[in-house]
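*Asks:* Questions regarding the structure given below will be posed in turn.
The values are calculated or read from the model by the stated rules, or taken from the named source; none is laboratory data. All values reported here derive from a predicted model rather than from experimental measurement. Heads up, the Cβs are rebuilt from the backbone with ideal geometry, glycines too, and the neighbour counts pull from every protein chain shown.
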Amino acid sequence: MNAYIPDIYEQFHCLADKCPTICCKGWVLPVDEDTLKLYEELPGIEGRHVRFHIQKKEPVSIRRQFGRCPFLNCDKMCQFQVNGTPELMPVVCRTYPREGVRYDKEARVVFSLSCPAVANLFMEHLGRREYVKTDRPLEFFWSIDNEDDAFMAFLKRDEEKLLDFLWQEDKDLSEIWPAMYAYLYQENDRIIRDQLERTDEVELTFDKEKHGEYVLLRDPTYSFLKIKTIDHMVLDHITYSSLSVKEPKFFHLIRRYADIFGRQYLDKVDDYFDTQMRQMMEECPEAKLKFKSYFSWTLQEIFPLSFEYYSVLRQFLFAVLYTQLYMIFDLVDYMEKGKNRSMDRQAEVLYTIEQGIRHNPRLNQNLMNVIRDEFL
Ligand code: SF4
């Protein structure tokens, strides 16, 4: 099996007791089959204690107490680690913020930006990331059962092509997204019709004449997905009451978003967002690179999952949606704090958004609905 890790893999260091957040709080903590078996075989009082905190209903997970993992001690340390039994931690806890996925004969480990240490690394290393081959022993949380080698080879080639296109010229995301959209839509049509060999006929280009029926005729805009749709999803589907307690930083950003965007007329809000984004990028030129880097990182993280879904378009649209949400909340923070925000502050916004959006299963389902309604 060929396994790949990000080029900044060795530079990750957990912030441990200096971490401003903690990965054992607020999230669903799924228990994998092997660890569950260990729990079931664990004898005595310890066994009963551990099993008491396991929720057997699918997905099997650790039952949180007051929003925290019950095995987290008052020093913010995992009890299993302190006891010298790390094998009793579920895979997701043992490996976080690394997320390993097996794709039959390939595997990739990505870093989750919801971890403050990873968000800091991202800010310090803006640009295109490479995935490098590794021999180190890795654990995988997720395996995709598919033996379609030809499709995997295609996906690898296509991902490189998309990244080359993204990074080759000084074009911004507002111009890149429509070109990628037209390209991937045409590819997707061929994949669905089982014509993988005909995907070579599709051209990835800025030339709108070649975008066929999927050409987007509007001027380039950062509002690729309409704010109206995003607004509906963000405001309607987040449980405000518990969010203010569980994720106060994310709650604050949503409130600021509602204050700022709620004052705009519906037919003008997309122009407003685009104008504000361009103004921010003019005042903070590194913002352009930051968002491009985020889109690139996210694409590398989720594009290979097309191996399961057989939809390259779906994965691309998710990457755009996550990027646009990140842009919106980063803009909101910029409008509140001004252009001299520190790198630490920007990293804080990034991991807050990732925790609030990517680790919120209910919201993610709504994101899928948005994509389906608007684009699929
Ligand atoms: S969130 Fe990241 S930095 Fe913080 S404790 Fe967890 S792994 Fe360490």
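*Asks:* List the number of the failed condition for Leu243; all other conditions in (1) part of a helix (DSSP H, G or I); (2) within 21 Å of Arg218 (Cα to Cα); (3) of a type outside the set (Val, Ile, Thr) hold.
*Replies:* For Leu243, the exception is condition (2).
*Asks:* Just one of (1) in a helix (DSSP H, G or I); (2) within 12 Å of the ligand (Cβ to nearest atom); (3) at pLDDT 95 or above trips up Leu113, so point out which.
*Replies:* Evaluating Leu113 over (1) in a helix (DSSP H, G or I); (2) within 12 Å of the ligand (Cβ to nearest atom); (3) at pLDDT 95 or above leaves (1) as the failure.
*Asks:* From Pro90, Pro86, Pro70, which residue is surrounded by 13 or more Cβ atoms within 10 Å (Cβ to Cβ) and within 15 Å of the ligand (Cβ to nearest atom)?
*Replies:* Checking each option against the conditions leaves just Pro90.
*Asks:* Separate question: What single numbered condition from (1) within 14 Å of the ligand (Cβ to nearest atom); (2) in contact with a helix residue (DSSP H, G or I) (Cβ under 9 Å, 6 or more places away or on another chain) fails to hold for Ile54?
*Replies:* (1)
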